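Here is the structure we will look at, set down as structure tokens.
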Amino acid sequence: METISIMVRRSSDRLEQRLDLESALLERLSFCHCWRECGACGRMLIFSPAPSADGTNLAEFTEVLASLLIGFIIKDLRSALLHDLLRYFYFYLGKEECRKILALACRTLERRKLHRCIGYYRSLLGQYLEPYRCGSPVHLNVEGFYNFRMRGFQQELLRTLDDAVNRYLAREEHREFIRLLKYFLNLQHPGVALIHLSVDEQGRFKVMDRRFERIDFCEWEELGAAGLDERRDYEDILVSMLVSIAPRQLMLHRNVCARYPRVVQNLRSVFEERLIFCKNCAYCRRGELYLVTGGRTRPGSS
């Protein structure tokens, strides 16, 4: 009976681990395997029937092998395949940027359910191995199969990579924005002694002085009337306005933390020790506190 030879260029150790886990099953099916070093090309995995093989287990063997190889490509090779795409489409990014983006893309893929994808390509690879059941030798290049037969999976990897790049760049831009705000705040002479930040029953920010009298900005009113589509822009503009006031202290009331956790995180980064938190103050206990979640409002209780 003929052999099946499989060329593996990268991560052959991971495939070897998968083979070890299936060793008992392969022995039961009367198939043995060995590795052959091929220099810069990688390693070749060769399957051959044991002397006791009678051909009755060929169908089950090819199914097991197809499942094993597809699992190897989709789960074990995906980091290397993502790196290839990253290097080709985003060649201008630095080494450290690529490392972070690759880690982000890999985490995204780990959370996705790829069972249907695995099932489809397992069936496709099974068709490729079909001639072996008829007594013909089969040679398979793992990454060649990926390049020419798994275009859908390539597109899935590229979409994941594009998303990871966009998220990474947006995060870095936001970090730079926060750094500049912090720098600008430290350059200014402290203005008013205390500013209160709360949220009204519509979920809009209330910026108040130490007497809890509302501070109105022309720009803020215009933005509120326009109704920003992007909540992130609305939050970033608020932080910028608070920096322009440069208070000695900024007190956050409890409903801000409940409704706008990202604002709280940004204010922590910019104001640092100037930021203080309300601990169920008299203003909140008077019933002015509104807990806003999921687009609904309700008066908070003490």
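The values are calculated or read from the model by the stated rules, or taken from the named source; none is laboratory data. Keep in mind the model is a prediction, meaning the values are calculated, not measured. Here Cβ is always computed from backbone atoms with ideal geometry, including for glycine, and neighbour counts include all displayed protein chains.
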Has segment 141-164 got at least one residue that is surrounded by 12 or more Cβ atoms within 10 Å (Cβ to Cβ), out of contact with any Gly (no Cβ under 7 Å at 6 or more places or on another chain), closer than 30 Å to L238 by Cβ and at pLDDT 95 or above?
yes
Subset of segment 171-199 (residues that are without any contact (Cβ under 8 Å) to a residue 40 or more places away in the chain and of a type in the set (D, E, K, R)):
R171, E172, E173, R175, E176, R179
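Residues that are at pLDDT 80 or above and surrounded by 15 or more Cβ atoms within 10 Å (Cβ to Cβ): does segment 221-236 have at least one? First the steps, then the outcome.
Residues of segment 221-236 at pLDDT 80 or above: 235-236.
Among the residues that remain, those that are also surrounded by 15 or more Cβ atoms within 10 Å (Cβ to Cβ) are: 235-236.
Yes, that holds for at least one residue.
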Positions within segment 58-81 being buried (at least 16 other Cβ atoms within 10 Å of the Cβ) and over 33 Å from the mean Cα position of the chain (by Cα), in sequence order:
L58, F61, T62
Does L45 satisfy the criteria of being in a strand (DSSP E or B), free of Cβ contacts under 8 Å to residues at least 60 places away in the same chain, of a type in the set (A, V, I, L, M) and surrounded by 16 or more Cβ atoms within 10 Å (Cβ to Cβ)?
yes
